[in-house]
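Q: Can you read through this structure? Questions will come right after.
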Amino acid sequence: DHINHETATKNKAHSSSTNTEPQGSIVVVHEFEKENGERCSCELKLSRRTQDSFVAIVRDVTERVKRFEAEQRAAAEAKARQRDAQNVNRFTRHEIKNGLLAGMELCDRLRHSFQTASEGVDRKIVKMGLKKNDEEC
C-alpha cells in the first residue's frame with residue numbers, strides 16, 4: 001500500500017514519539033495513514049556507527065502498537081468490571097445486612113410477645129393450681 005505522505009506530515013507533530021536509548025540510539029515512532037485509511041505505525045531507530053556514519057533501521061510496528069492498545073483496553077475493562085463487582089458486592093452486603101437486622105428485630109419482638117403471653121398464662125396456671133391444691137387439702 002502506498003502511504004499518504006501529506007497525511008503523514010500532518011500527523012507527525014502530534015503522533016510521533018522519540019526515545020533516546022542508553023547507547024546513543026534514537027528511536028522515533030510515527031503513525032501514518034495509508035490511502036485506504038488504515039493506520040500504520042513505523043519505528044525508526046538511528047544509531048551512530050562511527051563518528052561520520054549512522055545506521056538507520058525502519059520497522060513496521062503496527063501489530064505491536066495494536067497489541068499494546070488492546071492490552072490497555074483489556075486492562076481498563078477489567079478494572080471497570082472489578083469496580084462494578086465491588087459496587088454490587090457492597091450493595092448486596094448492605095441489603096443482606098438490612099434484611100438480617102429486620103429479621104432479628106422481628107424475632108426479638110416475637111420473643112418479647114411470647115414471654116409476655118407466657119408469663120400471663122403461667123400466672124393463671126399457678127393461680128388455678130393453687131386453688132386446686134387448696135381445695136384438695
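The values are calculated or read from the model by the stated rules, or taken from the named source; none is laboratory data. All of these numbers come straight from a predicted model, not from anything done at the bench. Glycine gets a Cβ as well: all are built from the backbone with ideal geometry, and neighbour counts include every protein chain shown. Only protein heavy atoms, including side chains, enter the accessible area calculation; ligands, DNA and RNA are left aside. Shrake-Rupley method; radii C 1.70, N 1.55, O 1.52, S 1.80 Å.
Q: Return only the number of the condition from (1) open to solvent by less than 50 Å² (accessible area, probe 1.4 Å); (2) part of a helix (DSSP H, G or I); (3) of a type outside the set (D, E, K, R) that SER41 does not satisfy.
A: Result: SER41 passes all but (2).
Q: Which of the residues that make up the range 52-90 are open to solvent by 70 Å² or more (accessible area, probe 1.4 Å), in a helix (DSSP H, G or I) and over 30 Å from GLU33 (Cβ atoms)?
A: LYS79, ARG81, GLN82, ARG83, ASP84, GLN86, ASN87, VAL88, ASN89, ARG90
Q: Then there is this: In this structure, is ARG49 over 18 Å from GLY24 (Cβ atoms), at pLDDT below 90, open to solvent by 60 Å² or more (accessible area, probe 1.4 Å) and out of contact with any Lys or Arg (no Cβ under 8 Å at 6 or more places or on another chain)?
A: For ARG49, the condition - over 18 Å from GLY24 (Cβ atoms), at pLDDT below 90, open to solvent by 60 Å² or more (accessible area, probe 1.4 Å) and out of contact with any Lys or Arg (no Cβ under 8 Å at 6 or more places or on another chain) - is not met.
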